[in-house]
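First comes the structure, then the notes that go with it.
The values are calculated or read from the model by the stated rules, or taken from the named source; none is laboratory data. The structure presented is a predicted model; accordingly, all values stated were derived computationally and were not measured. Positions of Cβ are backbone-derived with ideal geometry, glycine not excepted, and every protein chain shown enters the neighbour counts. Accessible surface is based on the protein model in full, side chains and every heavy atom, while ligands, DNA and RNA are left aside. Shrake-Rupley method; radii C 1.70, N 1.55, O 1.52, S 1.80 Å.
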Amino acid sequence: RQEMAAAAVAVSGSASIDDTTTPQHKALEWLLVDDDFWLNASSSSFEQRYSMSTFYFATTNNGQDTWINCGADSSTSSCSSESQRFLSSSSECDWSGITCNGNGEITKIDIRENGLTGTLSTFIQELVSLSSSLELLRFSKNALSSTIPTEIGQLSNLQYLFLNNNNLVGTIPTSLENLSKLTTFSVGNNGMDGTIPSGIFHPTLKNLDLDDNNFYGTLPSEMFTSSLGLVNIDIGGNAFDGTIPKGFENF
């Protein structure tokens, strides 16, 4: 028990584990008491199973709410296979929306249109713990709120980030400039604002969706000089001004 608690603290910090109201505490409690998969702290998959359990509790109001599909409660959430249900006794790699590589490491979390609530900041540290393998995050068409935390810039292998059609506010964090492998960035249909940081325009970026927010200011010149591979740009429904930057002819 102490070893598992220490492993969880290493991911989330002692404050989150000690506070009995947090999803981190709930996840650890579930692993210790209710999880029939019977992992121990030395297991190679303990950290990511803990992180995915925290994610579930963080997006269901500590289990008081439910997801539309494959939530933990079979009486309120349908699922085509019980092995795909979150918090089931199967491997977390089998849970709905989770994809793992040949080494059993999570590479994709794709849970869209599923009634997710809460804030990204509540479980960002647990996502960061998966950064060595995580390539795709898709939380489109849910009810996630608040801002995009700066820690998202620590997901150094991320290639696809879909946060569109939620209730996000605030600005695009400049830490996204650290995501040098990012090919798709989608935050359309939220309530975000601010200017667009030039650092997000890496040569890898191909798809950009910023539509229907409250972004303003001029478009960065890097949009047309650094991200020459851009093929899809959706920036309507904002308050941009100024002229189209030089480099547009590159397209």
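Observations on the model:
- Cα gyration tensor shape of region 193-238, rounded if a/c is under 1.5, else prolate or oblate by comparing a/b with b/c: oblate
- Zone residues, region 202-222, relative to ASN167, backbone N less than 20 Å from point 7 Å out along Cα-to-Cβ: 212-215
- Estimated dipole of region 65-153 in Debye, rounded to 20 [Cβ of Lys and Arg +1, of Asp and Glu -1, Cα centre]: 220 debye
- Among the protein heavy atoms, those of THR171 account for about 70 Å² of accessible surface (1.4 Å probe, every chain in place).
- Positive dipole terminus of the chain, leading residue within PHE123, ILE235, PRO245 (C-beta point charges): PRO245
- The H on the amide N of ALA41, modeled in the peptide plane, is under 5 Å from the matching H of MET4, each at least 5 residues off or on a different chain.
- Rolling a 1.4 Å probe over the protein heavy atoms of the chain, with every protein chain left in place, gives an accessible area that is 45 percent carbon and sulfur.
- Amide H contacts for GLY194 (H built 1.01 Å from N in the peptide plane; partners 5 or more residues away or on another chain; cut-off under 5 Å): TYR216.
- Close amide H contacts of GLY237 (hydrogens built in the peptide plane, cut-off under 5 Å, sequence separation of 5 or more or a different chain): ASP212.
- Comparing Cα centroids, region 137-183 and region 30-70 end up 22 angstrom apart.
- Under the Karplus curve 6.51 cos²θ - 1.76 cosθ + 1.60, θ = phi - 60°, whole-Hz ³J(HN,Hα) for region 101-113, x wherever Gly or Pro sits: 8, x, 8, x, 9, 5, 10, 9, 10, 10, 10, 10, 6
- Only Lys, Arg, Asp and Glu carry charge here, each on its Cβ (+1 for the first two, -1 for the last two); on that basis the chain has a dipole of about 360 debye about its Cα centre.
- Sum of side-chain charges, ASN164 neighbourhood, beta-carbon under 12 Å (Lys, Arg +1; Asp, Glu -1): -2
- Rounded to the nearest whole Hz, the Karplus-based 3J(HN,Hα) values (6.51 cos²θ - 1.76 cosθ + 1.60, θ = phi - 60°) of region 219-231 follow the sequence 6, x, 4, 4, 4, 10, 10, 9, 9, 6, x, 4, 10, with x at glycine and proline.
- Debye intensity ratio in log₁₀ form over the Cα atoms of region 118-251, taken at each q of 0.13, 0.16, 0.17 Å⁻¹: -0.50, -0.77, -0.87
- For region 148-204: rounded, prolate or oblate by the Cα gyration tensor [a/c cutoff 1.5]: prolate
- When the alpha-carbon atoms of the chain are used, the pair Rg, Dmax equals 19.1, 61 angstrom.
- Note that region 40-179 presents 39 Å² accessible area per residue, ligands and nucleic acids not counted, probe 1.4 Å.
- Base-10 log of normalised Debye intensity for region 114-192 (one unit scatterer per alpha-carbon) at q = 0.19 Å⁻¹: -0.75
- A probe of 1.4 angstrom, applied to the heavy atoms of all protein chains, finds VAL11 with accessible area near 20 square angstrom.
- Tensor-based shape of region 1-69 (alpha-carbon gyration tensor, a/c under 1.5 rounded, otherwise prolate or oblate): oblate
- Sequence-ordered 3J(HN,Hα) estimates for region 175-181 from the Karplus curve with 6.51, -1.76 and 1.60 and θ = phi - 60° stand at 5, 5, 5, 7, 8, 6, 9 Hz, glycine and proline given as x.
- Max mean-square fluctuation residue, GNM over the chain, Cα-Cα springs under 10 Å, options GLN159, GLN64, GLN125: GLN64
- Gain on full stretching of the segment that runs from LYS141 to SER198 - 0.36 nm per residue minus C-alpha separation: 17.9 nm
- Estimated at 0.36 nm per residue, the fully extended path between LYS181 and THR117 surpasses their Cα-Cα distance by 20.3 nm.
- Modelled FRET efficiency - R0 35 Å, GLN84 with LEU228, Cβ distances, 0.05 increments: 0.30
- Taken over the Cα atoms of region 1-131, the convex hull encloses 101 Å³ per residue.
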